[in-house]
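**Student:** Starting off with a structure, shown below.
Please treat every number below as a calculation from the coordinates, not as lab data. Quick caveat, the model's predicted, so the values are computed rather than measured. Cβ placement follows ideal geometry from the backbone for every residue including glycine, while neighbour counts extend to all protein chains displayed.
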């Protein structure tokens, strides 16, 4: 199943399912139609449909396995071609996609050794030993997620805009202190994750031992679909990057040093994972401009393609004017 | 004004105001009584009170300056001693405090030079130059905030439990690309912030260049009150730590290298700050066990006292059993 979120005509977020190459399903509308067809009044049908399928994926996923059962019923209803069911279909080209989840917490790991080696070499170093002992991560900003075709804001403090090709693992039922075996069952599915990066400020703040923060927090691309695990071979997802239509790199998910299950298990150690939470794989080898020696410019289009999931496409915006920047302090010693 | 959150008899979160040394005000109940006294039906009075004062501080703060006006009306109503108004009072000793805000994003900075010097010396180094050029930060876990008297969970992966005495700045109206002058007006108030830390895992993961994550994400103490800026001299807040009743350190807020306004302004550069968001000052000099050469044990009680705000008290729980831990990977080179 491919699950996404779109902006409805009234501006609200709505869950969607991929239907075929051309169309998607507005899930709440389909469920309303399904219930009306079974004899419910429109008010009652829409009331239940809205409760089952809120616009927040985090809220929907909190229903646990019953969310997947309810989505499967919607899919069958539409696939059966019942009279009127086509009212719930929407041409994919007309939909405005939102980031497919709205996580409370967003973690991003480093798990592709090739990226770590390439990136640290560019900065004149080598991989720290820690990355072989633990999956290390930082927390991103869950309020600046962008959906398909959204324009990436260019913060005033950077001249080095970059992309990062990652997988995004979306938490379903959640849990705490999970083992890797349990962690797989805690996942809802996988999406495409573009960890946009301001390299100059990122380098500066990572020298300060915390974060990164401003180097990452302005934007993360996500989507277009969350694909459930039954439809994917997690160890063999192809990961291809194109900038302005030109291929820049390709890799495969099986190069991860830490499996998705291990990342989720470690994220859950000593703290609860919540439905809808987002966990990034880290950048695939050669999956960013830093490794390849180039950066993005205003107006550039970045496409991240993952086999079985789709293509996530975003365009880079214009640099914003600077209103303030910190002035240096004098060390007291 | 001192604003907090308590757990109501029905389990829901409720906004509270400090009334006097012994009592606090259940804000929604007081507003319901105020409206009934002015002739509203109970249903209508409670409906409006619930909309004005939801249990989420983030949701309440999204009303902007009108939240403060509404709180002032409640305070006046209770202070005037109207017949029946005492129904909205609750002995502070009987209240169960929640963390006073429920932020979407929680940032924690380093701004006290003395802490940076002491902590890096303990780790055999010295302050990186970056900390004098920029306010550096990482993002914490907003879903593991603890309130007054909550027990701090002890994750299975640590043997080095520590506290950190910080100030917590709570965002009111929010904003983006604020100057320091504008940033002060974007704040709702200040609270006490205990950045509990697992030092062994924190040291390990900071060697990995990201985070910290597991070293911090299991718990953060917050509260008991958010005090509005008109009642505080931000440059002269005393910050005293007691462990099991014994004083360990004291400092003053004026030792910050970056002002609260500068931290908020930098946090807002290129990204929106939202109502209720939480921004930590970083640890005051000598405000953690790491700097003083000791760590906490199960059952220890930590009290952080900030002049004009109050005392935040938490007790350390028992170590949890380990279910899984990552096994090291072999470098390919």
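**Student:** Could you give, in nm with one decimal, how far residue B:76 is from each other copy of that position, shortest first, with labels 7 Å out from Cα toward Cβ?
**Tutor:** 6.2
**Student:** Before anything else, pin down the relative contact order of region A:2-97: Cα pairs under 8 Å, at least 6 apart, normalised by residue count, whole percent.
**Tutor:** Rounded, it is 35 percent for region A:2-97.
**Student:** In region B:133-166, which residues have a backbone nitrogen under 19 Å from the label point lying 7 Å from residue B:318's Cα in the Cα-to-Cβ direction?
**Tutor:** So the set is B:150-161.
**Student:** If packing is taken as the average count of other Cβ atoms within 10 Å, what order do B:176-189, A:314-327 fall into, highest mean first?
**Tutor:** B:176-189, A:314-327
**Student:** Same structure again: Tell me the label-point distance for the pair residue B:50, residue B:181, using the 7 Å Cα-to-Cβ offset, in nm and rounded to one decimal.
**Tutor:** Label at residue B:50, label at residue B:181, 4.4 nm between them.
**Student:** Please work out which residue of chain B brings its Cβ closest to the axis of the rotation superposing B onto A, and round that distance to whole Å.
**Tutor:** Its Cβ sits closest to the axis: B:139, 2.
**Student:** In peptide B:210-221, what is the residue-averaged number of other protein chain Cβ atoms found within 10 Å of each Cβ?
**Tutor:** 6
**Student:** Count, for each residue of A:139-146, the Cβ atoms from other chains sitting within 10 Å of its Cβ, then give me the mean as a whole number.
**Tutor:** Taking all residues of A:139-146 together, the mean is 5.
**Student:** When you count, for each residue, the other Cβ atoms within 10 Å and take the mean per peptide, how do A:6-14, A:25-33, A:57-65 rank with the highest first?
**Tutor:** Highest-to-lowest ranking by the protection proxy: A:25-33, A:57-65, A:6-14.
**Student:** Distance between Cα centroids, region A:249-303 to region B:8-43: provide it in whole Å.
**Tutor:** Result: 47 Å between the Cα centres.
**Student:** Using only alpha-carbon positions, what ratio does the radius of gyration of the protein assembly as shown give when scaled by 2.2 N^0.38 Å?
**Tutor:** 0.97
**Student:** If you don't mind, another one. If I model a spin label as a point 7 Å beyond the Cα along the Cα-Cβ vector, how far apart are those points for residue B:143 and residue A:121 in nm?
**Tutor:** 3.8
**Student:** Hey, another quick one. Quickly estimate the mean residue ellipticity at 222 nm for the protein assembly as shown, helices only: each DSSP H run with n ≥ 4 gives -39500 (n - 2.57), and the total goes over all residues, rounded to 500.
**Tutor:** Helix-only estimate at 222 nm: -7000 deg cm²/dmol.
**Student:** Pick from A:55, A:93, A:147 the residue whose mean-square fluctuation is largest in a GNM of chain A, springs joining Cα atoms under 10 Å.
**Tutor:** Among A:55, A:93, A:147, the largest mean-square fluctuation in the Gaussian network model of chain A belongs to A:93.
**Student:** Could you state the angle between the C-alpha long axis of helix B:42-52 and the longest principal axis of the C-alpha atoms of chain B, as a value from 0 to 90 degrees rounded to the nearest 10?
**Tutor:** Value to nearest ten degrees: 30.
**Student:** If you don't mind, there's one more thing I want to ask. Just checking the output field for A:104-111: average partner chain Cβ neighbours within 10 Å of each residue's Cβ?
**Tutor:** Mean number of neighbouring Cβ atoms from other chains: 4.
**Student:** Which values of log₁₀ I(q)/I(0), to two decimal places, follow from the Debye formula for region A:2-97 at q = 0.10, 0.16 Å⁻¹ with a uniform point scatterer at every Cα?
**Tutor:** -0.22, -0.60
**Student:** Here's another thing I want to ask about it. Semi-axes of region B:221-333's equivalent ellipsoid from the Cα gyration tensor, sqrt of 5 times each eigenvalue, largest first, rounded to whole Å?
**Tutor:** 30, 24, 15
**Student:** Okay, next question. Can you order the peptides A:129-140, A:79-90 by their average number of other Cβ atoms within 10 Å per residue, highest first?
**Tutor:** Going by the mean number of other Cβ atoms within 10 Å, highest first, we get A:129-140, A:79-90.
**Student:** Dividing the convex hull volume of the Cα atoms of chain B by its residue count, what figure in Å³ per residue is obtained?
**Tutor:** Hull volume over Cα atoms, normalised by residue count, gives 153 Å³.
**Student:** With an 8 Å Cα cut-off and a minimum separation of 6 or more residues, compute the relative contact order for chain B in percent.
**Tutor:** RCO, chain B: 22 percent.
**Student:** Can you give the FRET efficiency to the nearest 0.05 for residue B:255 and residue B:300, using r as the Cβ-Cβ distance and R₀ = 41 Å?
**Tutor:** Efficiency computed from Cβ-Cβ geometry: 0.95.
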